[in-house]
1. Could you tell me which of the residues ASP234, ASP228 is at pLDDT 85 or above, under 24 Å from LEU91 (Cβ atoms), among the acidic types (Asp, Glu) and under 18 Å from the mean Cα position of the chain (by Cα)?
2. Return yes or no: is LEU91 in a helix (DSSP H, G or I), without any contact (Cβ under 8 Å) to a residue 60 or more places away in the chain and farther than 27 Å from THR237 by Cβ?
3. Kindly provide the set of residues from region 38-66 that are without any contact (Cβ under 8 Å) to a residue 12 or more places away in the chain and surrounded by 10 or more Cβ atoms within 10 Å (Cβ to Cβ), ordered by number.
4. When the residues of region 67-88 are filtered to those that are among the β-branched types (Val, Ile, Thr) and either in contact with an Asp or Glu (Cβ under 7 Å, 6 or more places away or on another chain) or free of Cβ contacts under 8 Å to residues at least 60 places away in the same chain (or both), which remaining residue is surrounded by the fewest Cβ atoms within 10 Å (Cβ to Cβ)?
5. With (1) modelled with pLDDT of 85 or more; (2) open to solvent by 20 Å² or more (accessible area, probe 1.4 Å) as the list, and PRO198 as the residue in question, which single condition is left unmet?
6. Quick one: TRP147 ticks every box in (1) part of a helix (DSSP H, G or I); (2) free of Cβ contacts under 8 Å to residues at least 40 places away in the same chain; (3) surrounded by 17 or more Cβ atoms within 10 Å (Cβ to Cβ); (4) of a type in the set (Phe, Trp, Tyr) bar one, so which box is it?
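The values are calculated or read from the model by the stated rules, or taken from the named source; none is laboratory data. Remember, it's a predicted structure, so these values are computed and weren't measured experimentally. Please note: Cβ atoms are built from the backbone with ideal geometry, for glycine as well, and neighbour counts cover all protein chains shown. Surface areas here come from the heavy atoms of the whole protein model, side chains and all, with no ligands, DNA or RNA. Shrake-Rupley method; radii C 1.70, N 1.55, O 1.52, S 1.80 Å.
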Amino acid sequence: MQKQAIFQSKLLPYALVAPQLAIVLIFFYWPALQAVIQSFLLQDAFGLSTTFVWFDNYIELFRDPAYFESIVRTFFFSFAIAVSSLSFALLLAVMADKPLRGSMLYRTLLIWPYAVAPPVVGVLWIFMLHPSLGVLARYLRALGIDWNPLLDGDQAATLIILAAAWKQISYNFLFFLAGLQAIPKSVFEAAAIDGARPMRRFWTVTFPLLSPTIFFLLVVNIVYAFFDTFGIIDTMTRGGPGTSTVTLVYKVYSDGLLGGNLGSSAAQSAILMIMVIVLTGIQFRFVERKVTY
């Protein structure tokens, strides 16, 4: 029988939930509502007057080729970051799950990078791969690679993907390791007795049993790539060279704070929120079908 919590007062459950609800309302729903309202307004350059323009800000966005370029770039970044971070995290988790001497030390070191703030991650990778000062950049030039992300947009995009994926690997590693340790060892022993080799055991036993964890991390990584990469981009490239690393979330910032077009920036944030909600819904609708619980 399941035990149910019994409160002496009917108001106590609401009092316990109230602080969390207040935080969500003040710091999420209220700013989101303000952004939606602002997206229907046009403000002058000095912020002295506003005009209600209905959907003009949205129409202008969909007429802007640069906005569609940022959409494509954001989806590409999200796919590359999610796939690379999930793949490396799963590989590291499988290796760390083996009975090795000092495995606890390895696991601790692999978790540490998640504590690093995104702007700090950008600074670290700039120090390593700066075309003039970077340590790794010297080795790339020694190999004959003309490495200069300050001028080459593709190299700048690669640098952003590497830094953002490295930042997220620790988070994914933690969940993958917990998922692997939750799988009964008897399942692997039975597969080994049946003659399944390690690689076959991984794809037929481990991977299907990890599918709930993979699905959860897929959703989290997509949201991370859409929103939390702003600090890395702002620190490393500021959207450059040109607009080669301008994603949707960075365009919201550059058009609103730097460009002063608050109406367009608010419309972009509203569209971005809708895109993430729709994308998450699609994942739950179609990808979850392949999840084995």
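1. Matching residue, one of ASP234, ASP228: ASP228.
2. Answer is yes for this residue.
3. Residues satisfying the conditions are ASP44, THR50, THR51, ILE59, PHE62, ASP64.
4. VAL72
5. (1)
6. Going through the list (1) part of a helix (DSSP H, G or I); (2) free of Cβ contacts under 8 Å to residues at least 40 places away in the same chain; (3) surrounded by 17 or more Cβ atoms within 10 Å (Cβ to Cβ); (4) of a type in the set (Phe, Trp, Tyr), TRP147 breaks only (1).
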